[in-house]
Amino acid sequence: MVTTADLVGGIMQHVFETLYTFGDGLTIVPLLAESDAVVGDGGRRLTIKLREGVKFHDGSVMTSADVLASLNRWREVSDRGKTGWAYITAATAPDAHTVVLTLKDPYAPLLALLSLNNNAMAITPASNQAAPMTRFIGTGPYVLKERRADQWVILQRFADYTPRTDPKNGYGGKRTAYIEEIRFVPVPDPNTRVEGMLSGQFDYSESLPTAALARLRGQTKVAPYLVKDFGYPVFSLNNKAGVLSNMKMRQALLAALDMDEILKAAFGTPEMYTARGSMYPPGLRFHSMEGADAYNQKNPAKARQLAAEAGYKGEPIRLLTTTQFDYYYNMALVATEQWKKAGLNIDMQVVDWATLLARRNNPALYELSTVGAPFLAEPSLTFTAGSERPGYWSSEAKDRVVGAFNAEMDMAKRTAMWPEVQKLIYTEVPYIKVGDQGTLRATSTRLKGIQPGAWSYFWDAWVER
């Protein structure tokens with residue numbers, strides 16, 4: 001619940017489950033909920049029927065009391081929970097298998113917020129709501145067996161797991177835990193991850209350097225696993241404090257950038273990236289080119305002029321990045337040189353990933369950072385989210401445009417409204433999209449049943465002996 005880190009969500013989605021999850025084609029499908037939410041009162045009431053007989057890892061059975069308690073904890077400790085609860089006026093349970101959420105206004109992103117596996121509305125027993133949590137009791141197909149800091153996290157198959165019975169549908173549908181034990185091993189250096197795959201030390205690895213693609217191809221025991229149009233890296237800008245709280249300074253940063261150079265440095269081969277200004281790629285619901293003429297301007301002179309209009313006096317602009325994701329570091333290196341050519345004083349600070357995430361939670365400690373997101377069903381899950389999230393985007397125009405978009409419950413109408421949101425992003429520049437990226441993973445040829453997805457999961461996978 002506490003962190004937005006995909007590394008945490010990717011592991012703990014095996015342990016904790018949510019009411020809903022993401023199905024094929026970026027749809028929202030039930031997981032611990034029995035069925036789709038029933039929407040009433042013009043979008044101001046959601047009635048959620050719960051599955052019956054679902055067991056927690058401690059042997060107790062999930063009821064609406066556990067869901068209500070988890071909702072309240074989500075409100076207290078999760079940034080996304082705070083966002084959702086800004087619209088929820090009451091959460092009630094008319095019976096042991098029904099939860100009703102009453103909203104002050106319609107809020108379309110709420111079901112997506114209840115689906116995400118980081119900052120997650122994870123269901124745990126009502127008796128297990130400590131913050132910080134010390135007992136990790138979920139409903140998932142795996143149990144947390146052991147964690148040793150900087151060494152491993154070990155998950156063990158939950159023998160009494162209660163799966164859904166409907167067909168597999170993305171992260172939804174029936175989940176089957178074939179593998180007895182999964183060991184997640186942190187390996188900060190990406191090249192070490194490659195060597196570990198080639199030596200047979202690992203069965204699966206993520207976020208590999210693109211230069212490894214040629215080495216992985218043609219191997220007998222290891223295969224590359226390339227996920228196209230996985231997501232998009234961004235420079236997340238601090239809209240709340242420091243020099244980038246001035247919109248013209250943010251526009252200056254955008255104007256200076258040559259995205260072709262940055263993407264080539266970050267990802268190497270064109271197989272791994274596309275220089276594209278639309279926030280969603282073609283084929284997805286929210287694809288639009290509105291406002292994207294501001295993308296990839298390659299104009300340092302314009303950037304210098306905008307900075308002058310903002311009253312910029314050469315103050316340091318602290319850029320947080322990390323080598324744990326080599327593409328973040330490489331894109332930061334190239335962008336820093338481009339910004340310096342525009343007269344901007346960039347202080348690039350290279351830290352580990354955990355430190356980057358921690359510093360982003362304090363707007364006094366940075367001006368911008370390298371982060372990214374997979375393409376998700378709901379734009380408000382990423383960088384158009386509430387003003388309390390890192391980036392801290394807040395403006396009257398955002399309240400009006402994004403507020404109207406989020407209040408519309410009809411998906412066809414929301415789709416038609418999205419271009420205006422994208423245009424506002426390019427006007428106010430709360431963040432800078434670098435392009436569309438693929439991601440390189442690798443799998444041993446003995447590991448079967450792996451499916452593509454934003455977050456790798458290992459239920460439904462098995463190891464051939």
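A few notes on this one:
- Using θ = phi - 60° in the Karplus curve 6.51 cos²θ - 1.76 cosθ + 1.60, the 3J(HN,Hα) couplings for segment 447-460 round to 8, 10, x, 6, 10, x, x, 4, 10, 5, 9, 10, 5, 6 Hz; x is entered for Gly and Pro.
- With the cut-off at under 14 Å, measuring from each backbone N in segment 221-259 to a point 7 Å along the Cα-to-Cβ line of Ser199 picks out no residue.
- The chain shape via C-alpha gyration tensor axes, a/c threshold 1.5: oblate
- Applying a threshold of 18 Å to the alpha-carbon distances of Lys240/Lys340; Lys298/Lys340; Lys298/Lys433; Lys264/Lys423 flags Lys240/Lys340; Lys264/Lys423 as lying beyond it.
- Proximity of backbone amide H atoms, modeled 1.01 Å from N, is registered between Thr124 and Ser70 at under 5 Å, excluding neighbours fewer than 5 places apart on the same chain.
- Shape analysis of segment 288-430 places it in the prolate category; the axes a ≥ b ≥ c from the Cα gyration tensor give an a/c of at least 1.5, with a/b above b/c.
- Total formal charge among the other residues, if their Cβ is under 13 angstrom from that of Arg75, Lys/Arg +1 and Asp/Glu -1: 0
- Spin-label model, Glu464 to Gln151: label points 7 Å out along the Cα-to-beta-carbon direction sit 3.4 nm apart.
- Counting only DSSP H runs of at least 4 residues, each contributing -39500 (n - 2.57), and dividing by the residue count of the chain, the helix-based mean residue ellipticity at 222 nm comes to -8000 deg cm²/dmol.
- For segment 10-157, averaging the sequence separation of C-alpha pairs within contact (under 8 Å, six or more residues apart) and dividing by the residue count gives a relative contact order of 30 percent.
- Note on segment 80-138 and segment 331-364: Cα centroid distance 34 Å, given to the nearest whole angstrom.
- Span from the segment 42-69 Cα centroid across to the segment 270-328 one, whole angstrom: 42
- Of the trypsin sites (Lys or Arg not before Pro) in segment 121-164, those whose Cβ has at most 16 other Cβ within 10 Å and which sit in DSSP loop: Arg135
- Separation of segment 155-172 from segment 417-465 is 22 Å, based on Cα centroids.
- Estimated vicinal HN-Hα couplings, Hz - segment 32-42 in sequence order (Karplus 6.51, -1.76, 1.60; Gly, Pro = x): 7, 5, 6, 7, 4, 5, 8, 9, x, 6, x
- Neighbour cut-off at most 14 other Cβ (10 Å), DSSP loop, chymotrypsin sites (Phe, Trp or Tyr not before Pro), segment 367-441: none
- Label-to-label distance for Thr445 and Asp260 is 4.0 nm, based on points extended 7 Å past Cα in the beta-carbon direction.
- Anisotropy class of segment 6-137 from Cα gyration tensor, a/c 1.5 cut: rounded
- Cross-link partners for Lys228 among the aspartates and glutamates, with Cα-Cα distance under 13 Å and sequence neighbours closer than 8 places in the same chain left out: Glu271, Asp436.
- For segment 142-155, 3J(HN,Hα) computed residue by residue from phi via the Karplus equation (6.51, -1.76, 1.60; θ = phi - 60°) reads 10, 10, 6, 8, 7, 10, 10, 3, 6, 10, 5, 10, 10, 10 Hz, glycine and proline entered as x.
- Each of Ala364, Gly81, Ala96 was placed along the dipole of the chain (beta-carbon charges, centred on the mean Cα), and the one lying farthest toward the positive end is Ala364.
Any read-out appearing in this document is the output of simple, stated calculations on the displayed coordinates, not a laboratory observation. Quick caveat, the model's predicted, so the values are computed rather than measured. Note that we place each Cβ from the backbone using ideal geometry, even for glycine, and neighbour counts take in every protein chain shown.
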